[in-house]
Amino acid sequence: MSAPSVVLRAASAERRLAAGTAAMARAEWQKLRHDNLDIVTRSVQPLLWLFIFGTAIGHLHAIPVGDVDYRAYLAPGVMAQAAMFIAIFFGLAVIWERDVGQLQRLLATPLPRTAIVLGKSAGAAVRAVVQAVVLLIVVAVAGIGLRWSVAGVLGALVTLVLGTGAFACFSMMIAAMVKNRERFMGIGQLVMMPLFFASSALYPLAVMPGWLHAVARVNPLTYEVEGLRACLLGGGHPFVDALAVCGFFVLFAAGATRAYPRAIL
């Protein structure tokens with residue numbers, strides 16, 4: 001086979017991958033446009049964490065966060081936690097699609113498996129970004145002291161997209177192995193809560209005991225939260241954290257692509 005034909009085939013595969021991913025993301029956006037109530041209900045939990053838990057703990061001064069308002073410190077953590085909640089339970093859609101036969105039809109299309117996985121993770125990211133924008137608007141109206149800048153907000157949203165995509169792919173890996181929704185819900189809760197509490201979402205890494213600090217250092221959510229915090233509060237290493245989150249995304253996407261066809265068995 002000649003070199004030009006190899007290049008053309010590679011370019012065609014890339015176009016199909018991009019087109020398939022974009023089509024599935026658009027489908028999720030269309031669903032969201034017709035379900036405004038979903039945006040409102042999903043925004044309630046992070047706001048409760050921020051304004052009730054954040055206000056109470058901030059008044060106690062129990063967690064050393066320097067001269068930063070604890071609610072500002074907490075905002076990136078609850079943003080990441082809310083996005084993870086969307087992503088972890090996105091795998092339920094895979095089980096539902098299998099039960100109604102939609103998954104079998106989807107896998108029979110010429111779309112690359114990677115496009116299906118990336119498209120579904122992009123769909124989860126669309127929901128997470130909309131929820132994050134709502135949260136940022138409320139934070140701005142409430143006068144919580146984030147360091148507002150275009151670059152910071154955009155960097156935070158990019159980090160959030162990568163983190164949500166990673167957890168959505170991880171969720172699809174679980175869904176490929178679990179055959180009923182009730183069992184998936186139990187596993188999702190079992191996975192989500194330790195990830196949240198064993199991260200820096202609620203407290204700095206410096207206050208953790210040694211064993212928990214070690215766990216947090218291999219927790220993808222920690223890098224997502226630290227990246228969001230660096231973008232929205234300053235300091236830190238936002239590029240390094242985003243790169244780490246991107247690494248988790250690539251790893252989980254590869255695993256989900258490999259496991260996805262087994263979801264129909």
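Each value in this text was obtained by applying a stated rule to the coordinates, not by laboratory testing. The model shown is predicted, which means the values in this text are computed figures rather than measured ones. For neighbour counting, all protein chains shown are included, and Cβ atoms are generated from backbone atoms with ideal geometry for every residue, glycine included.
Take the alpha carbon atoms of the range 46-96, find their center, do the same for the range 162-226, and report the distance between the two centers in whole angstrom.
Result: 14 Å between the Cα centres.
Ranked highest first by average number of other Cβ atoms within 10 Å, how do 131-143, 216-228 line up?
216-228, 131-143
What are the ³J(HN,Hα) values, in whole Hz, obtained from phi via the Karplus relation 6.51 cos²θ - 1.76 cosθ + 1.60 with θ = phi - 60°, for each residue of the range 66-78 in sequence order, with x given for Gly and Pro?
x, 8, 8, 4, 4, 5, 5, 5, 6, 3, x, x, 6
Could you tell me whether the range 190-265 comes out rounded, prolate or oblate from its Cα gyration tensor? Rule is a ≥ b ≥ c as square roots of the eigenvalues, rounded for a/c under 1.5, then prolate if a/b exceeds b/c, otherwise oblate.
Since a/c reaches 1.5 but b/c is at least a/b, the shape of the range 190-265 is classed as oblate.
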